[in-house]
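Undergrad: Below: one structure in structure tokens.
Coordinate-derived values only; no laboratory data. Please read these numbers as outputs of a predicted model, since none were measured by experiment. Positions of Cβ are generated from backbone atoms using ideal geometry, with glycine treated the same way; all protein chains shown enter the neighbour counts.
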Amino acid sequence: MRVALFATCVNDALHPSTAVATVRLLERLGVDVDFPAAQTCCGQPQFNTGYRRETEPLVHRMARAFEGYDHVVTPSGSCVAMIRDNYPRIGSKARAEGRGDTLAQASDSLVPRTYELTEFLVDVLGVTDVGAYFPHKVTYHPSCHGLRMLGLGERPRRLLEAVKGLELVELPGAEECCGFGGTFAVKNPDVSTAMGADKIHHSLSTGAEVLCGADNSCLMHLGGMLRRQDAPQRALHLAEILASTEEEPFA
């Protein structure tokens, strides 16, 4: 099985420890992981802002970068949602405009091989107990892309519930958006901040030490708000919890 890590822009620039944790976790489970250096942005910021044509070269680049791998795994539900939901739209639109099938072919080659991390662990590797140890009280925030577009369901929770020493507590209003939404936070900062404040209020009410999620874009937004409040809670990606063991603590 040849597996490629798609690190994503946010993780590469701001949260490299999450990419490191993903590799460490997968290798512990016997997966041979490669990092194609040609990978760049998947095009989500451009596409969501209305620049469809400017996104097209990135679709081609992504398909070339990950060509030949059995699976492409990323610790980011939003980027997987971009590939799965929007790449086919981009390809179909280009075909309808009479610009050929190359974008559709690029999409078709990449979409079925691309997995969000918890999907890959549960659905492909067939594991929920990854041998992790994390003796902390944790609450889990499901991001909108993972919850609504990918339908991750209970996969992240099942993985967390199997972590030795971890106490998982329910997050009130868990299915409500945190307010980040990529460019939404830039275009609507007041609304975004109010939504984030609600999420932080609910998270702190659990008494958890850690607010966990599977998308660092959401955690960047919420973690920044926690730090500005000097709150007794930190935001942490699910991969970093799963990568931690009793012998080799990661997070």
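Undergrad: Any idea which of Gly77, Gly91, Gly50 is without any contact (Cβ under 8 Å) to a residue 60 or more places away in the chain, of a type in the set (Gly, Ala, Ser) and in contact with a Leu (Cβ under 8 Å, 6 or more places away or on another chain)?
TA: Values: Gly77 fails: without any contact (Cβ under 8 Å) to a residue 60 or more places away in the chain; Gly50 fails: in contact with a Leu (Cβ under 8 Å, 6 or more places away or on another chain).
Matching residue, one of Gly77, Gly91, Gly50: Gly91.
Undergrad: Before we move on, is Val59 of a type outside the set (D, E, K, R) and touching a Leu at 6+ places or on another chain (Cβ under 9 Å)?
TA: Details: of a type outside the set (D, E, K, R): yes; touching a Leu at 6+ places or on another chain (Cβ under 9 Å): yes.
The answer is yes for Val59.
Undergrad: Given (1) farther than 27 Å from Ala208 by Cα; (2) surrounded by 16 or more Cβ atoms within 10 Å (Cβ to Cβ); (3) in contact with an Asp or Glu (Cβ under 7 Å, 6 or more places away or on another chain), where does Tyr133 come up short, assuming only one miss?
TA: (1)
Undergrad: Right, here's the next one. Does at least one position in segment 174-185 carry a residue that is more than 14 Å from Cys218 (Cα to Cα), without any contact (Cβ under 8 Å) to a residue 40 or more places away in the chain and out of contact with any Cys (no Cβ under 6 Å at 6 or more places or on another chain)?
TA: Let us first name the residues in segment 174-185 that are more than 14 Å from Cys218 (Cα to Cα), namely none.
The answer is no, given that none of the residues of segment 174-185 is more than 14 Å from Cys218 (Cα to Cα), without any contact (Cβ under 8 Å) to a residue 40 or more places away in the chain and out of contact with any Cys (no Cβ under 6 Å at 6 or more places or on another chain).
Undergrad: Let me ask another. Residues in segment 186-231 that are without any contact (Cβ under 8 Å) to a residue 24 or more places away in the chain and of a type in the set (D, E, K, R): how many?
TA: Residues that pass the stated criteria total 5.
Undergrad: Mind listing whichever residues of segment 1-22 are in a loop (DSSP other than H, G, I, E, B) and under 13 Å from the mean Cα position of the chain (by Cα)?
TA: We begin by selecting, within segment 1-22, every residue in a loop (DSSP other than H, G, I, E, B); these are 1, 6-8, 14-15.
Residues satisfying the conditions are Phe6, Ala7, Thr8, His15.
Undergrad: Out of (1) within 18 Å of the chain's Cα centre (by Cα); (2) free of Cβ contacts under 8 Å to residues at least 40 places away in the same chain, the odd one out for Glu170 is which?
TA: Evaluating Glu170 over (1) within 18 Å of the chain's Cα centre (by Cα); (2) free of Cβ contacts under 8 Å to residues at least 40 places away in the same chain leaves (1) as the failure.
Undergrad: Looking at Val80, Val23, can you tell me which residue is in contact with a strand residue (DSSP E or B) (Cβ under 7 Å, 6 or more places away or on another chain) and more than 25 Å from Leu147 (Cβ to Cβ)?
TA: Values: Val80 fails: more than 25 Å from Leu147 (Cβ to Cβ).
After applying the criteria, what remains is Val23.
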